[in-house]
Amino acid sequence: MKREELIKKWLDNELSSEEFKLFHKLDDADELMKLSESIKAFQIPSFNSDSTFEKINQSINPTIFSLKNSWTRQFLRFAAIVVIGLGIYTYIGSVDTRISTSIAEKTSVILPDASHVLINSKTDVSFNKNNWGNNRDIKLEGEAYFKVSKGAKFNVRTSTGTITVLGTEFNVKHRDGLFEVMCYEGSVNVNCNDTDQLLMSGDSFLLLNGEIIATDKENLKSPAWKNNQSYFKSMPLIFVFREFERQYKVILDYQLIDTSQKFTGSFAHDDLDLALKSITLPLNIKFEKLKQSKIILSSE
């Protein structure tokens with residue numbers, strides 16, 4: 001029997017006992033079997049697709065194994081294609097989908113389970129849609145409103161805390177020094193600083209600069225920013241100014257202002273002058289608009 005036929009039947013596991021003896025008499029039988037075992041035991045790490053074939057080629061003693069043989073060449077090519085294909089498949093499956101918004105921009109996304117996420121300005125969210133059926137996890141940096149379809153556990157993960165639900169509507173804000181969760185329907189569990197807090201409809205969780213702040217029950221049906229307004233209740237002024245800069249393409253100079261004073265009120269996202277008056281008049285603050293979108297704030 002020809003050498004090529006023996007190798008082909010060996011690859012297809014069709015060798016008879018007599019043919020198996022003939023196969024073992026081939027000069028490169030040991031090398032072929034070692035290569036086969038290496039491929040079977042292969043687990044996909046990170047790899048260089050350009051060098052995969054070359055590494056397989058170099059793993060075989062060139063003085064014994066000749067690539068001139070057509071069946072050997074096909075076998076090695078097939079092995080390299082399998083390795084590369086599996087690696088690419090694994091890499092693609094592990095890549096997260098990421099959505100980012102810029103200043104004064106809002107967007108929405110429908111998750112693979114039909115859950116809906118409305119994303120506020122200057123926010124990053126990411127999730128793995130290929131593994132969504134097994135793991136409903138989404139990472140958040142910024143602010144977003146979630147309307148979650150019922151199903152398996154749904155997690156919103158931030159660097160400060162994790163919000164877990166089964167099916168509900170809630171808002172999460174995670175900014176510099178601020179972590180706030182507001183439940184509008186159903187219930188959510190907030191895990192933060194190794195503690196768990198269950199929120200029902202109208203309840204909220206607020207962490208300011210590492211300190212948990214007690215909050216009153218709210219009757220709002222959705223966050224104000226969904227309707228192009230920002231609303232604050234006894235919030236330090238610094239957080240109001242930062243949100244203002246996220247909603248308008250301006251820079252506020254508030255060095256002359258006591259930013260620790262509390263502010264209760266709101267401002268619109270579609271009228272700069274009206275918004276400025278909304279946050280300055282109640283606190284007797286003057287403003288001066290300069291060029292290059294800079295606004296100077298000072299006390300009256």
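The values are calculated or read from the model by the stated rules, or taken from the named source; none is laboratory data. As the structure is a prediction and not an experimental result, all values here were calculated from the model. When we count neighbours, we look across all protein chains shown, and the Cβ atoms used for this are built from the backbone with ideal geometry, even at glycine. For accessibility, only protein heavy atoms count, side chains too; no ligands or nucleic acids. Shrake-Rupley method; radii C 1.70, N 1.55, O 1.52, S 1.80 Å.
Report the Cα centroid-to-centroid distance between the stretch 231-247 and the stretch 279-295 in angstrom, as an integer.
Value for the Cα centre distance between the two parts: 14 Å.
With each pseudo-label sitting 7 Å past Cα toward Cβ, what's the Leu198-Glu19 distance in nm, one decimal?
Taking the two extended label points, one gets 6.8 nm.
If you average over every viewing direction, what projected area does the convex hull of the Cα atoms of the stretch 123-205 give, in nm²?
Numbers: hull surface 20.2 nm².
Projected over every direction and averaged, the Cα hull of the stretch 123-205 covers 5.0 nm².
Taking θ as phi - 60°, what are the ³J(HN,Hα) couplings along the stretch 176-181 by the Karplus curve (6.51, -1.76, 1.60), each to the nearest whole Hz, with x for Gly and Pro?
4, x, 10, 9, 9, 10
Hey, what does the equivalent ellipsoid look like for the stretch 234-300, semi-axes from the Cα gyration tensor as sqrt of 5 times each eigenvalue, largest first, whole Å?
After diagonalising the Cα gyration tensor, the semi-axes are 16, 14, 11 Å.
Show Thr101, Thr259 ordered by accessible area, largest first, where the area counts protein heavy atoms only and the probe is 1.4 Å.
Values: Thr101 15, Thr259 35 Å².
Descending order: Thr259, Thr101.
Please give the contour-minus-distance gain from Gln261 to Leu26: 0.36 nm per residue of separation, less the Cα-Cα distance, rounded to one decimal in nm. Present the calculation step by step, with values, prior to reporting the outcome.
Values: separation 235, 0.36 × 235 = 84.60 nm, distance 8.68 nm.
Length difference between fully extended and current span is 75.9 nm.
Could you tell me the extents of the stretch 151-295's C-alpha atoms along the three principal axes, largest first, rounded to whole Å?
52, 28, 27
Could you work out how far apart the two model spin labels at Asp273 and Gln229 are, taking each label as a point 7 Å from the Cα in the direction of the beta carbon, and quote it in nm?
Spacing of the two 7 Å Cα→Cβ label points: 2.1 nm.
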